[in-house]
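Undergrad: Take this structure, written in structure tokens, and hold onto it; I'll ask about it next.
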Amino acid sequence: MGQLVHRQLRPAQAGWLFCAALMLYSLPLLINNYPYIDDNARALTTSTVWGEEGRLLGNWLLSALSATTVAPDIFPLTLFAGLLAMAWAMQRLARRWFGRPTPMQCAILLPLWYNPFYLQVLSYHYDCFTVSSGIALTVWAISHRSRSLVLRWVVPGLLLGAALSTHQLTLNVFLGLACVDVLARAMRQANGKRLLKLAGRHALVAMAGCALYGITGYQSLTRDRGGLVLGPPQEWVTRAGLIAERLAGFLNPVSTVVFSVLALGALVGLAVIMARGSRRPQPGLFISLCLLAVLGASLSVGGLLLLVSDIRNNLGARALMGFSPWLVGLFLLAYVGFERLRQALVLLLLPALWCFLAFAYAHGQVMHAKQSLEQFTRTLLGADLLAQPQVQASREIVILREGNGPLFTPSCIGKAWPAMDYIFGNHYLMLPEQLTPWGFETVRLRYRYTVPELGEPLLVRPWYRIYVQGEVAYVRFTVKPAPVECRMQ
């Protein structure tokens, strides 16, 4: 254990440590190889719609990785590439904050990847690379150093603009990490003027990056997400409450205790930092900047989500990537607090990382169960559709949305981790494009109210029913979760 706390790592050693830790967290995704919703259609058409979403650099990065002008599914290469980009970026940031970091100091940065809500991004065969690369660019923008005054200001702005072209919500990550970077500087240097200069530098970089994105990638952005609105303060409070409710779903009795201990350590750490600054010149400025950094890191969890007009339809778990820098800030302050009380107490960061790991592996098991159910049902349905002459003569096959989205998270897992179903997010049994590779080229997805009265079914199975009306065949799923008695210890 002493090696974790005291041993200083060379840059290469820190890089390998981050690679190993990130790979450990990603193993369930690699083992299951489960395409996430949009991946099915993207793989068939070998294309994305990122250009219409203002994510042009994402297309270019994917073309460079696949060595093609299209977008084939090359998972898990995409995950490996994103992992390497993040490990490299974390190693740079660890060197900025700690010089030659110890393993426990490296652990402070792991929530950038271990964020449980980021699992939804990592589940995508396509986005896992581009979004991870975008976050790596924001970390590079924070940690960039140069003796040249021009490069010191220009490069971070370019990096942030490029990151926004992979995903707009990487701005939340940059703003959160910028606030944590201010706290990290306050931990090393209790100087109010230098702290103000650093905060001003990050603010100017943010404006430069947004301006660069505004004249490049933003031009291709459509309003399919509903656009951004300022809204009244009450609306901000409502949206912040909705985000907090989603985040609280990760907590269970065990993780609540673990993170309560971490929060107490973070309060001690913040008090230690501010106490150091109170004994230096301009203590008011120093303390104010520290408190504003904490507030800024908290607001960056929502960030742009607080301005999205239709937040309820855009608040998927993947949108909460701003939670990552907040967790890094929590770990950093807790490290300072624990170290001040007793150096060995910094090992209390490990139970929190273990909570993230346990969740990731449980998520992998849910993914495996869902994949098995999909394959089983798809095989049966495909055989039945091919065996019915009336279906073969149909002009198209329609899968009704009603009944196609049962709760697939096992109820007992849902009680252990309330956020599991929200983070997993695959609320469907079958997508039309999943039948296309089997020769069904005219499969559609519709709501029940858009179709006529179906009458008697042509075929009844325990999991679905097949109807034929005129030249159209309909499939209505009737799958329901099996009743299981959950015994919580």
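The values are calculated or read from the model by the stated rules, or taken from the named source; none is laboratory data. Owing to the predicted nature of the structure, the values given are computational and were not obtained by experimental measurement. Counting neighbours? That spans all protein chains shown, and the Cβs are built from the backbone with ideal geometry, glycine included.
Undergrad: What pairs come up if the first residue lies in segment 79-98 and is free of Cβ contacts under 8 Å to residues at least 12 places away in the same chain and of a type in the set (Gly, Ala, Ser), the second is buried (at least 24 other Cβ atoms within 10 Å of the Cβ) and in a helix (DSSP H, G or I), and their beta carbons are under 7 Å apart, counting only those six or more places apart or on different chains?
TA: Here the result reads none, with nothing in segment 79-98 linked to a residue that is buried (at least 24 other Cβ atoms within 10 Å of the Cβ) and in a helix (DSSP H, G or I).
Undergrad: Related question: Filter segment 268-293 down to residues that are touching a helix residue (DSSP H, G or I) at 6+ places or on another chain (Cβ under 7 Å) and either assigned to a helix (DSSP H, G or I) or under 15 Å from Val328 (Cα atoms) (or both), then give me how many there are.
TA: Total satisfying the criteria: 15.
Undergrad: Right, Met187: modelled with pLDDT under 90, within 22 Å of Ser324 (Cα to Cα) and among the aliphatic types (A, V, I, L, M) or not? Can you show your working first?
TA: Numbers: modelled with pLDDT under 90: yes; within 22 Å of Ser324 (Cα to Cα): yes; among the aliphatic types (A, V, I, L, M): yes.
Here the answer is yes, as Met187 does meet what is asked.
Undergrad: Please find, among Val173, Val182, Val154, the residue that is hydrophobic (A, V, I, L, M, F, W, C) and within 18 Å of the chain's Cα centre (by Cα).
TA: Details: Val182 fails: within 18 Å of the chain's Cα centre (by Cα); Val154 fails: within 18 Å of the chain's Cα centre (by Cα).
None of the others qualify; the one that does is Val173.
Undergrad: On to the next question. Is it the case that segment 103-116 has a residue that's surrounded by fewer than 20 Cβ atoms within 10 Å (Cβ to Cβ), modelled with pLDDT of 90 or more, assigned by TED's automatic domain parsing to the domain that holds Ala178 and of a type outside the set (Val, Ile, Thr)?
TA: Within segment 103-116, the subset surrounded by fewer than 20 Cβ atoms within 10 Å (Cβ to Cβ) is 103.
With modelled with pLDDT of 90 or more added as a condition, the list becomes 103.
Next cut, assigned by TED's automatic domain parsing to the domain that holds Ala178 only: 103.
Among the residues that remain, those that are also of a type outside the set (Val, Ile, Thr) are: 103.
Looking for residues that are surrounded by fewer than 20 Cβ atoms within 10 Å (Cβ to Cβ), modelled with pLDDT of 90 or more, assigned by TED's automatic domain parsing to the domain that holds Ala178 and of a type outside the set (Val, Ile, Thr), one finds at least one in segment 103-116, hence yes.
Undergrad: Residues that are modelled with pLDDT under 75 and not assigned by TED's automatic domain parsing to the domain that holds Val254, at least 1 per element: which helices (runs of 4 or more DSSP H) completely within segment 387-489 meet that? Show your work before the answer.
TA: Details: elements: 389-392, 411-416, 420-424, 432-435.
So the answer is 411-416.
Undergrad: Looking only at segment 344-378, how many residues end up being hydroxyl-bearing (Ser, Thr, Tyr) and within 28 Å of Leu262 (Cβ to Cβ)?
TA: Taking segment 344-378 as the starting set, the residues that turn out to be hydroxyl-bearing (Ser, Thr, Tyr) are 361, 372, 377.
Then keep just the ones that are within 28 Å of Leu262 (Cβ to Cβ); that gives 361.
Selection size over segment 344-378: 1.
Undergrad: Please specify each residue of segment 176-201 satisfying the condition of being surrounded by 20 or more Cβ atoms within 10 Å (Cβ to Cβ), out of contact with any Gly (no Cβ under 6 Å at 6 or more places or on another chain) and over 19 Å from Met274 (Cα atoms).
TA: Leu177
Undergrad: Let me ask another. Consider segment 289-334. How many of its residues are surrounded by 24 or more Cβ atoms within 10 Å (Cβ to Cβ) and either touching a strand residue (DSSP E or B) at 6+ places or on another chain (Cβ under 7 Å) or basic (Lys, Arg) (or both)?
TA: Qualifying residue count, segment 289-334: 0.
Undergrad: From the list Leu353, Leu373, exactly one residue is within 14 Å of Leu109 (Cα to Cα) and surrounded by fewer than 22 Cβ atoms within 10 Å (Cβ to Cβ). Which is it? Break it down stepwise before answering.
TA: On the way: Leu373 fails: within 14 Å of Leu109 (Cα to Cα).
Unique residue meeting the criteria: Leu353.
Undergrad: In segment 233-247, which residues are under 18 Å from Gly316 (Cα atoms), without any contact (Cβ under 8 Å) to a residue 40 or more places away in the chain and aliphatic (A, V, I, L, M)?
TA: Scanning segment 233-247 gives a single hit, Ala244.
Undergrad: Which members of segment 18-64 meet the condition of being in contact (Cβ under 8 Å) with a residue 40 or more places away in the chain, among the small types (Gly, Ala, Ser) and either under 23 Å from Met367 (Cα atoms) or in a helix (DSSP H, G or I) (or both)? Outline the logic, then answer.
TA: Let us first name the residues in segment 18-64 that are in contact (Cβ under 8 Å) with a residue 40 or more places away in the chain, namely 18-19, 21-44, 48, 50-58, 61-62.
In the following step, the residues that additionally are among the small types (Gly, Ala, Ser) were identified as 21, 26, 41, 43, 51, 54, 58.
Listed by number, the residues that qualify are Ala21, Ser26, Ala41, Ala43, Gly51, Gly58.
Undergrad: Give the residues of segment 305-363 that are in a loop (DSSP other than H, G, I, E, B) and among the hydroxyl-bearing types (Ser, Thr, Tyr), sorted by residue number. Walk me through how you get there before you give the answer.
TA: Here is the first cut: in segment 305-363, the residues in a loop (DSSP other than H, G, I, E, B) are 307, 309-316, 321-322, 342.
Scanning segment 305-363 gives a single hit, Ser309.
Undergrad: I've got another one for you. Which condition breaks for Ala94 when tested against (1) of a type in the set (Gly, Ala, Ser); (2) within 17 Å of Val336 (Cβ to Cβ); (3) within 12 Å of the chain's Cα centre (by Cα)?
TA: (3)
Undergrad: Taking Val272 as meeting all but one of (1) free of Cβ contacts under 8 Å to residues at least 24 places away in the same chain; (2) surrounded by 13 or more Cβ atoms within 10 Å (Cβ to Cβ), write down the number of the exception.
TA: (1)
Undergrad: Let me ask you something else. Which one of these is under 18 Å from Gly303 (Cβ atoms), assigned by TED's automatic domain parsing to the domain that holds Leu183, at pLDDT 90 or above and not aromatic (Phe, Trp, Tyr): Val229, Val237, Val205? First the steps, then the outcome.
TA: Values: Val229 fails: at pLDDT 90 or above; Val237 fails: at pLDDT 90 or above.
Answer to the selection: Val205.
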